[in-house]
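Remarks on the structure that follows.
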Amino acid sequence: MTTLLILIVVLLLAIAIWQLTKIFDLTQVGENVNDTQIADDNDNKVNGYIMFAFLGFIYLTTIYCVWNYGNLPLLKDSASEHGPLVDNLMSISLVLIFIVQTVTQALLHYFAFKYKGKKGQKAMYFADNNKLELVWSSIPAIVLAGLILYGLYSWNNIMYVDKEDEQDAIVIELYAQQFKWEARYSGADNVLGKANVRYIEGANNLGVDLSDPNAQDDFAASELHIPKGKRVIFKMRSQDVLHSAYLPHFRAQMNCVPGMVTQFSFIPTVTTAEMREKPAIIEKVNHINELRAKKSEQLVANGQTALDPYTFDFLLLCNKICGASHYNMQMKVVVDTPEDFKAWLKDKQTIVQAVKTAAAEAEKSEKPATPTIDTAKVKTVVKDSTAVAQTEVKK
Amino acid sequence: MSAEAHNHGHEHDHDHGHEHHHKDTFITKYIFSIDHKMISKQYLITGIFMGIIGIVMSLLFRMQLAWPEESFKIFNVLLGDKFAPNGVMTNEIYLALITIHGTIMVFFVLTAGLSGTFSNLLIPLQIGARDMASGFLNMVSYWLFFLSSVIMVISLFVESGPASAGWTIYPPLSALPQAISGSGAGMTLWLVSMAIFIASSLLGSLNYIVTVINLRTKGMSMTRLPLTVWAFFITAIIGVISFPVLLSAALLLIFDRSFGTSFFLSDIYLAGEVLNYQGGSPVLFEHLFWFLGHPEVYIVLLPALGITSEVIATNSRKPIFGYRAMIMSIIAIAFLSTIVWGHHMFISGMNPFLGSVFTFTTLLIAIPSAVKAFNYITTLWKGNLQMNPAMLFSIGLVSTFITGGLTGIILGDSTLDINVHDTYFVVAHFHLVMGISALYGMFAGIYHWFPRMFGRMLNKNLGYVHFWVTAICAYGVFFPMHFIGMAGLPRRYYTNTNFPLFDDLQNVNVIITAFALVGGAFQLVFLWNFFHSIFYGKKSVQNPWKSNTLEWTAPIEHMHGNWPGELPEVHRWAYDYSKPGHDEDFVPQNVPMKPDEEVLHH
């Protein structure tokens, strides 16, 4: 309904403009007919005024958007240590942009209105002025120098991890494939075992080198758990095509490139539970649930199933086009307190064990491994794969 | 000196040739023409046709985004039962639509349709030459473009669907048909089409460069060239520098796809088996692609800025402000554009140190861009603005160039890019700064030079309607898009319904689509105006806009060789508008300086 209304409003607006020009056509009928299709004083005047009105339109659009959609999750409530650094730079840049935008658009449209042409009026011959050029190339240069310095400082802080910090950190592999994520934890030794897609076989779906001593305690999970307050170093791998591990709440993103291991690291600072308590998040979740309830009513009325209510969770999204179901490649991320994280780590079946049990099961069922048994084995490792993206490939 | 001598010889040929003018058959005049004016019309009409396809595609996927997985009769009609069963768009065709939309708009409309049209039309006419340096190569260039357009359109009809790996065609997705069905025959045709397109673009660009350097008429020094010609000239140079790199990327990708090489592929397990590729790197492809891809932005934009410079000066009845600064900024932008490609790859896995370097070079581009914007604004100041439709589009261009360009400061900053990379923020940014701005430049060019091309005028009131609705809708579409991007919404998602997190952005998507549909519909006003006016428009006078440049000193009738008799001689720069000491507010370039007249510009 709102859509229809918007469509109608915009259409009416367009018709109004059309009529305006028509009226304008008619006003000229009596006078000396201007059929040259070249703008005359009247055109200049009307369009000059519309130019000025258009400035208003730009400002109103800006205000409307900031007011209604300006509640930007990417500007506040970050959940990582470097988050505020990024958000701060973003805010500074945005304020700067809005100032420059407001001033330059005003000058542009005001001049277009103010100096609209009239017969007999002569423009000023003003061809160049080096001082002016110097002023408006040096001001942006200085401002940009500031932004560049701040940006590079933050970039270096984020991308380079000190050797000492590295020893302290947890190493987790993010493994991407069409169209789901998996995480591989490095276990007690905190070193990931070697891996390559050529090792993929049966339950060893991450391609871990099972003979590597470092790989013995590695385990896989389909839900990413990380502890609050501890540096996490993510090593990204991809099995098939390019993916991008996007963790918007942590201001983190890195592509997953087949044939190479990429890295991104951050320190989570807010647990999932704490995040859910934040007023801004509560408000957002409530709003979304209202929308979903409304949608559900419609769905139920049409005999379809209602939508589940939404609870806040951190997410890992794929943000590089990776195939037909790219739009649904996600993994739940849980930030635990250090204690909860320790509890979660307990009794995790290592990949090596999983492969062994899968092999034993295969023997039990007598027959040599067939593809159907293979998939069963995979399921034992990826226990809660239903929570991950449903990878229905429409073909 | 030698150029002049050459010109003389050339002139002689054509004077001679002119007597046999009537021997032109329909085929040599309209189809395999070697006349630059005819070729420019061919470019324009082919470009408009491709533009219709590109824009209709965008409207289709905008509808899907606003009303995800709802059934529309139009989907079924246009996409067929396979890609829109029961009128519901499938996710595969959605990706194909965005891919082909991007390809067509960037290459076929805004590179060939814009630069091809106006470089061809204006370079010989504005520098006072009979034709391009090589009319034959020029013809070949157009027909290669036509061929590549035909192949691209054919690729829409192959059974497995058109290319659907995004217009950036990153491998491995684009290399492996197992990864996405569009990477089969559709992708092959895409690559063939682009390879031919690049050949066409190179032939065209070389021709433009040679023509500008060698065929300027007497008195037309480089610093008297109109800014349009400067823009086309520099555009051609960056085209020649960067397009071959894309060709090499395309060729290597063809090798990977068809001959089993591993330039871009390594360690891939797909559809249950390990593929043989070893040792290649997709990041290498990204480097090669963006080495063209970023200059491409300026290949699209610079001609639009050149056209705008000319249109704004003419319609302000004022010299363009800071002529030399404008040239310097065009050159600076062109130079910088070739060393900033890495800002598309901050998070691609390349060394973070490179990220720092590219942040630095990228933000530098803001300086010449700011100079251009301020110069345009100052040109309007104390002018006598004639609000012709071309002028409106030029002012519109400056407006969207500023709005879209400013957000580049965010995207060019590696730190901030981490979080808005590949979100709708990027989509909003580049559509405003290169898509809409370049389209406005193209429209400005069409409204301004239509009389020169067809000898008739476009209807101005329809032009006003076209501009104002387009201007409102362009902002209506792309301004809110920044905000959904800053909320973290990734681009190229078929639907956002799998993320309750984004549920509150759905109403914004509906608004955006509404504006897009209205804006798209009003392009019909332009199309009608354009095609109707070719045949029934008001007959034009020789110099309707009272402009200074040489193209308006040539007769209206279509004739090969542009000027009957001798070529005009140039005595002044192109921007003596409202010069004190003259009765009229314009002094064409071929008017000799008065005995006591001073050069008032630097």
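Values as computed for the structure displayed
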quantity	calculated
Residue within the range B:255-263 that is within 14 Å of chain A (Cβ to nearest Cβ), part of a strand (DSSP E or B) and over 26 Å from B:Phe108 (Cβ atoms) present	no
Residue under evaluation B:Met434, criteria (1) more than 9 Å from every other protein chain (Cβ to nearest Cβ); (2) at pLDDT 95 or above, criterion not met	(2)
Of the criteria (1) over 19 Å from A:Met329 (Cβ atoms); (2) over 25 Å from the mean Cα position of the chain (by Cα), which one A:Val197 fails	(1)
Filtered residue count, the range A:150-170, keeping only those that are at the interface with chain B (Cβ under 9 Å from one of its Cβ atoms) and assigned to a helix (DSSP H, G or I)	10
Condition met for A:Leu147 (in a loop (DSSP other than H, G, I, E, B), within 11 Å of another protein chain (Cβ to nearest Cβ) and crowded, with 20+ Cβ neighbours inside 10 Å)	no
Filter result (more than 8 Å from chain A (Cβ to nearest Cβ) and either among the β-branched types (Val, Ile, Thr) or assigned to a loop (DSSP other than H, G, I, E, B) (or both)) within the range B:279-319	B:Val297, B:Ile299, B:Val300, B:Ile307, B:Thr308, B:Val311, B:Ile312, B:Thr314
Restricting the range B:378-389 to residues that are of a type outside the set (S, T, N, Q), surrounded by 24 or more Cβ atoms within 10 Å (Cβ to Cβ) and facing another protein chain (nearest Cβ under 7 Å), the residue that is nearest to B:Asn459 (Cα to Cα)	B:Met387
Candidates B:Ile367, B:Ile395, B:Ile418, filtered to the one that is crowded, with 24+ Cβ neighbours inside 10 Å and modelled with pLDDT under 95	B:Ile418
All positions within the range B:452-501 that are among the polar types (S, T, N, Q), outside any helix (DSSP H, G or I) and at the interface with chain A (Cβ under 7 Å from one of its Cβ atoms)	B:Asn459, B:Thr495, B:Asn498
Residue under evaluation B:Met559, criteria (1) part of a loop (DSSP other than H, G, I, E, B); (2) among the hydrophobic types (A, V, I, L, M, F, W, C); (3) within 8 Å of chain A (Cβ to nearest Cβ), criterion not met	(3)
The range A:125-144 - residue that is facing another protein chain (nearest Cβ under 7 Å) and outside any helix (DSSP H, G or I) and, of those, farthest from B:Gly322 (Cα to Cα)	A:Tyr125
Test: residue in the range B:81-93 that is under 30 Å from B:Val210 (Cβ atoms) and among the small types (Gly, Ala, Ser)	no
Residue, farthest from the other protein chains (Cβ to nearest Cβ), within the range A:268-300, restricted to residues that are under 30 Å from A:Ala169 (Cβ atoms) and among the small types (Gly, Ala, Ser)	A:Ala273
Residue in the range B:486-501 that is among the hydroxyl-bearing types (Ser, Thr, Tyr) and under 22 Å from A:Asn44 (Cβ atoms) present	no
Yes/no for B:Arg456 being among the basic types (Lys, Arg), more than 19 Å from A:Leu94 (Cβ to Cβ) and within 22 Å of the chain's Cα centre (by Cα)	no
Only one of B:Ile327, B:Ile331 that is modelled with pLDDT of 95 or more, of a type in the set (Val, Ile, Thr) and in contact with a Phe, Trp or Tyr (Cβ under 6 Å, 6 or more places away or on another chain)	B:Ile327
Considering residues of the range A:164-217 that are hydroxyl-bearing (Ser, Thr, Tyr) and out of contact with any Lys or Arg (no Cβ under 7 Å at 6 or more places or on another chain) only, the residue surrounded by the fewest Cβ atoms within 10 Å (Cβ to Cβ)	A:Ser211
Any hit, the range B:568-577, residues being out of contact with any helix residue (DSSP H, G or I) (no Cβ under 7 Å at 6 or more places or on another chain) and free of Cβ contacts under 8 Å to residues at least 60 places away in the same chain	no
Verdict on B:Phe136 being more than 17 Å from A:Ile321 (Cβ to Cβ) and modelled with pLDDT of 95 or more	no
Failed condition for A:Ser80, given (1) more than 9 Å from chain B (Cβ to nearest Cβ); (2) surrounded by fewer than 19 Cβ atoms within 10 Å (Cβ to Cβ)	(2)
Qualifying residues in the range A:222-267 (those that are farther than 27 Å from A:Thr337 by Cα and surrounded by fewer than 20 Cβ atoms within 10 Å (Cβ to Cβ)) - the one nearest to the other protein chains (Cβ to nearest Cβ)	A:Met260
Residue match in the range B:546-556 (condition: in contact (Cβ under 8 Å) with a residue 24 or more places away in the chain, basic (Lys, Arg) and facing chain A (nearest Cβ under 8 Å))	no
Matching residues, the range A:43-65, being without any contact (Cβ under 8 Å) to a residue 40 or more places away in the chain, over 21 Å from A:Thr102 (Cα atoms) and either of a type in the set (Lys, Arg) or more than 10 Å from every other protein chain (Cβ to nearest Cβ) (or both)	none
Residues of the range A:77-117 that turn out to be within 25 Å of A:Gly151 (Cα to Cα) and not in a helix (DSSP H, G or I), as a count	6
Residues that are within 16 Å of A:Thr272 (Cβ to Cβ) and more than 7 Å from every other protein chain (Cβ to nearest Cβ), drawn from the range A:313-329	A:Asp313, A:Phe314, A:Leu316
Residue ranges of helices (runs of 4 or more DSSP H) in the range B:354-431 with at least 1 members closer than 29 Å to A:Tyr125 by Cα, out of contact with any Asp or Glu (no Cβ under 8 Å at 6 or more places or on another chain) and free of Cβ contacts under 8 Å to residues at least 60 places away in the same chain	B:366-380, B:389-411
Residue among B:Asp583, B:Asp504 that alone is within 12 Å of another protein chain (Cβ to nearest Cβ), acidic (Asp, Glu) and not in a loop (DSSP other than H, G, I, E, B)	B:Asp504
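One line per residue, one yes/no per condition, for (1) within 14 Å of chain A (Cβ to nearest Cβ); (2) in contact (Cβ under 8 Å) with a residue 60 or more places away in the chain; (3) surrounded by 21 or more Cβ atoms within 10 Å (Cβ to Cβ); (4) within 30 Å of B:Leu505 (Cα to Cα):
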position: B:Met63; (1), (2), (3), (4): yes, yes, no, yes
position: B:Trp67; (1), (2), (3), (4): yes, yes, no, yes
position: B:Ser71; (1), (2), (3), (4): yes, no, no, yes
position: B:Phe75; (1), (2), (3), (4): no, no, yes, yes
position: B:Ala96; (1), (2), (3), (4): yes, yes, yes, yes
position: B:Met105; (1), (2), (3), (4): no, yes, yes, yes
position: B:Ser119; (1), (2), (3), (4): no, yes, yes, no
position: B:Pro124; (1), (2), (3), (4): no, yes, yes, no
position: B:Trp143; (1), (2), (3), (4): no, yes, no, no
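The values are calculated or read from the model by the stated rules, or taken from the named source; none is laboratory data. Values in this document were obtained by computation on a predicted structure and should not be read as measured data. A quick note on method: Cβ atoms are made from the backbone with ideal geometry, for glycine too, and the neighbour counts reach across all protein chains shown.
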